1. Tell me the carbon and sulfur percent of the accessible area for the chain, rounded to whole percent, probe radius 1.4 Å.
2. Among (i) 23.3; (ii) 25.8; (iii) 27.0, which is the computed Kirkwood radius over Cα pairs in Å?
3. Go through 524-535, 283-294 and give me the packing order, highest mean Cβ count within 10 Å leading.
4. Ranked from highest to lowest mean number of other Cβ atoms within 10 Å per residue, what is the order of the peptides 253-264, 147-158?
5. Can you compute 3J(HN,Hα) from phi for each residue in the range 490-502, using the Karplus curve 6.51 cos²θ - 1.76 cosθ + 1.60 with θ = phi - 60°, rounded to whole Hz and x for Gly and Pro?
6. Would you please classify the overall shape of the range 373-421 from the alpha carbon gyration tensor, given that a ≥ b ≥ c denote the square roots of the eigenvalues, rounded means a/c under 1.5, and beyond that prolate means a/b larger than b/c while oblate covers the rest?
7. Any chance you could give the angle, 0 to 90 degrees and rounded to 10, that helix 404-432 forms with the longest Cα principal axis of the chain?
8. Could you state how much accessible area Cys582 has, in square angstrom rounded to the nearest 10, with a 1.4 Å probe and all protein chains kept in place?
Amino acid sequence: MDALSSAGSRPARGRLGALSSGAQAPAAPWARFSAWLECVCVVTFDLEVGQALELVYPSDFRLTDKEKSSICYLSFPDSHSGCLGDTQFSFRIRQCGGQRSPWPTDDRHYDSGAPVSLQKESSHYFGYVYFRQVKDSSMKRGYFQKSLVLVSRLPFVRLFQALLGLIAPEFFDKLAPCLEAVCNEIDQWPAPEPGQTLNLPVVGVVLQVHVPSKVDKPDCSPLKQCGHKNLLPTPLVLSSVHELDLFRCFQPVLTQVQTLWELMLLGEPLVVLAPSPTVSSEMVLALTSCVQPLKFCCDYRPYFTVHDSEFKEFTTRTQAPPNVVLGVTNPFFIKTLQHWPHILRIGEPKLSGGLPKQVKLKKPSRLKTLDTKPGLYTAYTAHLHRDKALLKRLLGGLQKRRPPGALAALLRTHLLELTQSFVIPLEHYMASLMPLQKSVTPWKPLSQAPPQIRPFHQDDFLRSLDHAGPQLTCILKGDWLGLYRRFFKSPHFDGWYRQRRKEMVRKLEALHLEAICEANIETWMKDKSEVEVVDLVLKLREKLVRAQGHQFPVREETLHRAQLNIEMVIGSLPKDLQAVLCPR
């Protein structure tokens, strides 16, 4: 099925398979490359077998047969799309088991600083596709058909689309040698560091990007203040590594944005039937991003086909539809998935400019398997009233020809503030469950855990909304209580609660370690047995190892003091115990 590149692990940067003169083998081949990408694939059309994997680079990266098959089928638009010329879109596939890479990377540092919605995927791959189909009389089918695919665990759709826009045209002209040079350049990029602005050189262009951090303010634009006077060539500045133009993506559904936001918040199953993989993938990614800063905890597939390995799993009628957002282009799915509760049918994009015809809410019973008109087919009734003022501002801005970026920012700000208004009461109530800092004392028996976080009682929370609800920050009226009750049953509440509780437990552990380091250990040791002192050493060491591994947040000063305390306590023990605790 595939003809893999003959490249092995690269001894040094240089031409494929050749040692650079005087170069020494790097300690971790492809370490910088793998911080951004898993591999690059080339998929071509073979008359005998259909889509075939022509190249995987670096060749050391191992894909399972199921992953190879998924990448091949998802890298080409299906026959219903009729895509001629160059097309960009994305997909997301489930990782199969087994060792992934001969050069494993440690994601903990990046993930500890990144927003939860932008952390690296642990069980899925993203595929970013640049597909070319042009007439070519030298080919048996009369067409040149090939896709260049970037496989990554980072959800940086804007960055990788821009990267493909630079390298794919070069690749289609020069093929493999160009790809080798590009991968060598990516392997010299700095690793993605949350909060940092990075310059990423490739094919004679410097991409300048800001890697988002969990401490960034939602409306900040760090790149505006970033100077690049000394850079040649002048960098191509990307305003975001991940944000799509929401106004452009949502143009056909602006009147239903409120309802779609609620469906995403509740993790409802949704099918998006679009005219092309580009529209499908962008709509799905826009929908799943509209609940940020909440992490979208359900499965989603920006582009999905009948050949996908999960096709039977998602289309079975023996159980309720899974909590998945599916982007499809084949009308066959209308029949196969007509038992799903929500189906969004999008029409062909309007070429003449202006606002496309808005989809309307329609009853699922009006679905036609052969000629389904655009619409949101659902029996769901929104809990909140529609924001008519927002719609008026967006339509007015379009008529006055306001810059598209301004309209996109307006829509994104609205959705962000709506989500924040919903989440802030949850955050305030969760914070009230945290033990008081004064209750974190160093000398409770160290075998005991720090004070425990109190349980989340939904009824208590709902009662708190009378004086601390979303009405304090949001003007929208409606059944907020009903929305919260339904949210409690969704995967997103479970995901949010688990994440927040984990962060609070880590904070308690950090406070406990700081309390121990600030206490007078020598005074505590005076009336303690050797067994208790050794237990202290072991517990402190365990906490220190976890803190050094970014498992809970502590200052460097605290780590240093913890290490000094361990050394001091060990020094107070008899020589035989010192030898056991500090073997040479």
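The values are calculated or read from the model by the stated rules, or taken from the named source; none is laboratory data. Source: prediction; values computed, not measured. Backbone-built Cβ (ideal geometry, glycine too); neighbour counts: all protein chains shown. Surface accessibility is based on the protein's heavy atoms, side chains included, excluding ligands, DNA and RNA. Shrake-Rupley method; radii C 1.70, N 1.55, O 1.52, S 1.80 Å.
1. Numbers: 15040 of 28590 Å².
C and S fraction of accessible area: 53 percent.
2. It is the value labelled (iii).
3. Values: 524-535: 12.2, 283-294: 22.6.
Those peptides, ordered most packed to least, come out 283-294, 524-535.
4. On the way: 253-264: 21.2, 147-158: 22.8.
For the peptides 253-264, 147-158, the packing ranking is 147-158, 253-264.
5. Here the 3J(HN,Hα) series is 8, x, 6, 5, 4, x, 5, 5, 4, 5, 5, 5, 4 Hz.
6. Working: a/c = 2.25, a/b = 1.39, b/c = 1.61.
It is oblate, given that a/c is not under 1.5 and a/b is not larger than b/c.
7. The helix 404-432 is inclined about 30 degrees to the chain.
8. Cys582 has an accessible surface of roughly 60 Å² with all protein chains in place.
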